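Reading through the structure tokens given below for one structure.
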Amino acid sequence: MSVFKHHAKIETNVFFLAVGILLTVIVGGLVEVVPLFTIESTIEKVDGVRPYSPLEQAGRDIYVREGCYNCHSQMIRPFKDEVERYGHYSLAAESKYDHPFQWSSKRTGPDLARVGGKYTNDWHTRHLINPRDVVPESIMPGYPHLMRPLDTSKIAGNMTALKVVGVPYTDEQIKNAVANLKEQASLEATADSAVVQAYPKAKVGDFDGNPQVVSEMDALVAYLQVLGTMVDFTTVDHTKIQR
Amino acid sequence: MAHVEHDVISGQNTTGHEWDGIKELNTPLPKWWVYVFWACVIWAIGYWIAMPTWPTTNGFTRGMLEYSSRGDLANELDIQKKARSQWLTKLEAASVEDIAKDKTLLNYALAGGKIAFGENCSACHGSGGVGVAGAYPRLADDEWIWGGTLEDIHQTIQYGVRNENGESRQSEMLAFGTGDTLDATQVDQLADYVLSLSSKTPAAGSPGEAIFAERCTACHAEGGVGTKELGAPALNNNIWLFKGDKESAKQGVVNQITKPRHGSMPAWAGRLDAATIKMLAVYVHSLGGGK
């Protein structure tokens, strides 16, 4: 212990003090940085997770813009009660293309990590316009302004930016962004459409009940309907995703 | 440099610094604090050994206890499944009719169905199945679009209505009032007749009756009693699914004739397990099933 009694010697010597500070900063930095180098082993290897289609990505931007994350989490934790209510716990792999992720930490409303496919498009649209129309006891605000046309001018740029941070959009996908976006929200789209070829299992069709306009509502509902649906958990080897 | 003195009053040494005659005591940290500090350090080393902590090149150290939150969950779910298996195996094996006949099984299914309904169904069909006027059918009555028998309800919950599931219930009402189908007067006459069907005295001999007989009975059947296999609702009652609060009954009928709306419902097979769907079917049936 004697060395600790002589801390004054380190503290009053500029060289030792500098070395001591450097060592402390190095340890602190390593603790923060090293886990990032092991991210490959953190992300579970599961099939099906793909980048969001342009329409879904636009909807995701609206989700962030409107601050949905303030009340809704997208993170089903590995607890019995959560899994019973919401479905399979969330995997790191499922939000690997989320920038920024929407795990959130507050649940004024329910978790949305697996809301995709749970309700119909019609329900989502009604509920977003005025939640009390379908859930009388709801305290969620209404978002009727989402029925306005979607601004599609920025989507290709957004996808390019996402590509820079590691989302594997191809040049082809970025080039076709607006075409794919409009196709996904059109009544003519089918399971064989180009947008579904580029983004497997994407839900197509008119989402908001107004096929004339591709609205922000179309985009947001398309995003909500894909949440938690990309991984088919019947095919997942559970020993491989155990942490 | 420093000149350390012993302070008689406190019994401590000074640090040796002095500013204008003010000296600083070098009081050691309280013993209890120092012991807790070292206990934490030792605890941390034990924790590194026992629990998953350090990242490695291809993963992380598992620790001697091999703790895993996801593994714990899997165990907990296994235990829960075993605890419930007495019921769940019976529910899985039994048909919905058999569940309804077995009193103890029925009680279990009704309780479980109620909970699953609250989480999964009440968003559209409302708490207790009251439905939403103008959008989602009320389940707490004896009027059923796709049939209200146990088996019908079970089928509807499993595969849903007008969705992407290949087994889902499908049908589409044709739009009248466009092209060479019906002109505005005929639509008006037809709407009047359809409304009269829901009264006790249908307007026999009216022009609407003839149009109804020609155009509508294929699905809605004679007298407008409806055809459950086609999801064509009965028109001879006062239940109007797609009439909004703000429009008159007649306007609602005219809208449906000229621009038909179709309800849809997700398929629940795959999302919920077979036993839960059966419990739901039994519960929904208890709300007003039968027909």
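The values are calculated or read from the model by the stated rules, or taken from the named source; none is laboratory data. No experiment lies behind these values; they were computed from the predicted model shown. FYI the Cβ positions are ideal-geometry reconstructions off the backbone, even for glycines, and counts take in every protein chain you see. For accessibility, only protein heavy atoms count, side chains too; no ligands or nucleic acids. Shrake-Rupley method; radii C 1.70, N 1.55, O 1.52, S 1.80 Å.
Just a yes or no: is a residue in segment B:135-158 of a type outside the set (A, V, I, L, M, F, W, C), without any contact (Cβ under 8 Å) to a residue 60 or more places away in the chain, surrounded by 14 or more Cβ atoms within 10 Å (Cβ to Cβ) and on the phi < 0 side of the Ramachandran plot?
Yes, segment B:135-158 has at least one match.
Hand me the list of helices (runs of 4 or more DSSP H) wholly inside segment A:4-69 holding 1 or more residues that are within 21 Å of the chain's Cα centre (by Cα). It comes to A:14-37, A:39-42, A:54-65. Here the condition is being in a helix (DSSP H, G or I), within 13 Å of another protein chain (Cβ to nearest Cβ) and either surrounded by 12 or more Cβ atoms within 10 Å (Cβ to Cβ) or in contact (Cβ under 8 Å) with a residue 40 or more places away in the chain (or both); of B:VAL34, B:VAL41, it holds for B:VAL34 alone.
Kindly indicate whether B:ALA50 is surrounded by 12 or more Cβ atoms within 10 Å (Cβ to Cβ), in contact (Cβ under 8 Å) with a residue 12 or more places away in the chain and touching a helix residue (DSSP H, G or I) at 6+ places or on another chain (Cβ under 7 Å). Spelling it out, it is not the case that B:ALA50 is surrounded by 12 or more Cβ atoms within 10 Å (Cβ to Cβ), in contact (Cβ under 8 Å) with a residue 12 or more places away in the chain and touching a helix residue (DSSP H, G or I) at 6+ places or on another chain (Cβ under 7 Å). B:THR53 falls short on exactly one of the conditions (1) in a loop (DSSP other than H, G, I, E, B); (2) more than 28 Å from A:ALA92 (Cβ to Cβ); (3) among the polar types (S, T, N, Q), and that condition is (2). Exactly one residue among A:LYS201, A:LYS240 is outside the structural domain of A:LEU146 (by TED's automatic domain parsing) and modelled with pLDDT under 95, and that residue is A:LYS240. Within segment B:242-254, being touching a Phe, Trp or Tyr at 6+ places or on another chain (Cβ under 8 Å) and open to solvent by 20 Å² or more (accessible area, probe 1.4 Å) holds for one residue alone: B:ALA249. Among the candidates A:GLY209, A:GLY228, the residue that is closer than 30 Å to A:TYR86 by Cα, part of a loop (DSSP other than H, G, I, E, B) and under 21 Å from the mean Cα position of the chain (by Cα) is uniquely A:GLY228.
Conditions (1) open to solvent by less than 60 Å² (accessible area, probe 1.4 Å); (2) modelled with pLDDT under 95, marked per residue:
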position	(1), (2)
A:PHE4	no, yes
A:LEU22	no, no
A:THR38	yes, yes
A:LYS45	no, yes
A:ARG50	yes, no
A:SER53	yes, no
A:PHE101	no, yes
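The one condition from (1) loosely packed, with under 11 Cβ neighbours inside 10 Å; (2) more than 30 Å from A:ASN13 (Cα to Cα) that B:GLU76 does not meet is (1). Only one entry of A:ALA161, A:ALA179, A:ALA202 meets the criterion of being of a type in the set (A, V, I, L, M) and within 14 Å of chain B (Cβ to nearest Cβ), and that entry is A:ALA202.
A quick yes/no check of all residues on (1) part of a loop (DSSP other than H, G, I, E, B); (2) more than 14 Å from chain A (Cβ to nearest Cβ); (3) at pLDDT 90 or above:
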{"position": "B:SER199", "(1), (2), (3)": "yes, yes, no"}
{"position": "B:ALA203", "(1), (2), (3)": "yes, yes, no"}
{"position": "B:ASN237", "(1), (2), (3)": "yes, yes, no"}
{"position": "B:PHE242", "(1), (2), (3)": "yes, no, no"}
{"position": "B:LYS246", "(1), (2), (3)": "yes, no, no"}
{"position": "B:LEU287", "(1), (2), (3)": "no, yes, yes"}
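For segment A:110-176, the helices (runs of 4 or more DSSP H) that sit wholly inside it and include 2 or more residues that are of a type in the set (Val, Ile, Thr) and open to solvent by 20 Å² or more (accessible area, probe 1.4 Å) are A:155-164.
The set of residues from segment A:177-201 being in a helix (DSSP H, G or I) and open to solvent by less than 80 Å² (accessible area, probe 1.4 Å) comprises A:ALA177, A:VAL178, A:ALA179, A:ASN180, A:LEU181, A:GLU183, A:GLN184, A:ALA194, A:VAL195, A:VAL196, A:ALA198.
Every residue in segment B:63-73 that is away from every other protein chain (no Cβ under 11 Å) and either open to solvent by 100 Å² or more (accessible area, probe 1.4 Å) or of a type in the set (D, E, K, R) (or both), please.
Scanning segment B:63-73 gives B:MET64, B:LEU65.
In segment B:68-87, the residues that are over 16 Å from A:GLY87 (Cα atoms) form Cβ pairs under 6 Å with partners that are assigned to a helix (DSSP H, G or I), at six or more places apart or across chains, as follows: B:TRP87/B:TYR108.
In the set (1) touching a His at 6+ places or on another chain (Cβ under 8 Å); (2) over 21 Å from A:GLU66 (Cβ atoms), the condition left unmet by A:PRO200 is number (1).
Beta carbons closer than 8 Å, at least 6 apart along the sequence or on distinct chains, pair a first residue in segment B:107-134 that is closer than 17 Å to B:TRP268 by Cα with a second that is hydroxyl-bearing (Ser, Thr, Tyr) and part of a loop (DSSP other than H, G, I, E, B) for B:ALA123/A:TYR119; B:CYS124/A:TYR119; B:CYS124/A:THR120.
Inside segment B:119-166, residues that are part of a helix (DSSP H, G or I) and more than 10 Å from every other protein chain (Cβ to nearest Cβ) make up a count of 12. Could you go through segment B:255-272 and let me know if any residue there is buried (at least 20 other Cβ atoms within 10 Å of the Cβ) and more than 14 Å from chain A (Cβ to nearest Cβ). Yes; the residues of segment B:255-272 include at least one that is buried (at least 20 other Cβ atoms within 10 Å of the Cβ) and more than 14 Å from chain A (Cβ to nearest Cβ). For segment A:104-112, check the following and say yes or no: at least one residue is at negative phi and either within 13 Å of the chain's Cα centre (by Cα) or outside the structural domain of A:ASN180 (by TED's automatic domain parsing) (or both). Within segment A:104-112, one or more residues are at negative phi and either within 13 Å of the chain's Cα centre (by Cα) or outside the structural domain of A:ASN180 (by TED's automatic domain parsing) (or both).
Matching residues to (1) touching a residue at least 60 places away in the same chain (Cβ under 8 Å); (2) in contact with a strand residue (DSSP E or B) (Cβ under 6 Å, 6 or more places away or on another chain); (3) in the same structural domain as B:ILE153 (by TED's automatic domain parsing); (4) surrounded by fewer than 17 Cβ atoms within 10 Å (Cβ to Cβ):
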position	(1), (2), (3), (4)
B:ALA175	yes, no, no, yes
B:ALA191	yes, no, no, no
B:THR201	no, no, no, yes
B:GLY208	no, no, no, no
B:GLY223	no, no, no, yes
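Checked against the criterion of being β-branched (Val, Ile, Thr) and over 20 Å from the mean Cα position of the chain (by Cα), segment A:156-173 contains not a single residue that satisfies it.
Is there a residue being of a type in the set (Lys, Arg) and buried (at least 19 other Cβ atoms within 10 Å of the Cβ) anywhere in segment A:73-84? There is no residue in segment A:73-84 that is of a type in the set (Lys, Arg) and buried (at least 19 other Cβ atoms within 10 Å of the Cβ).
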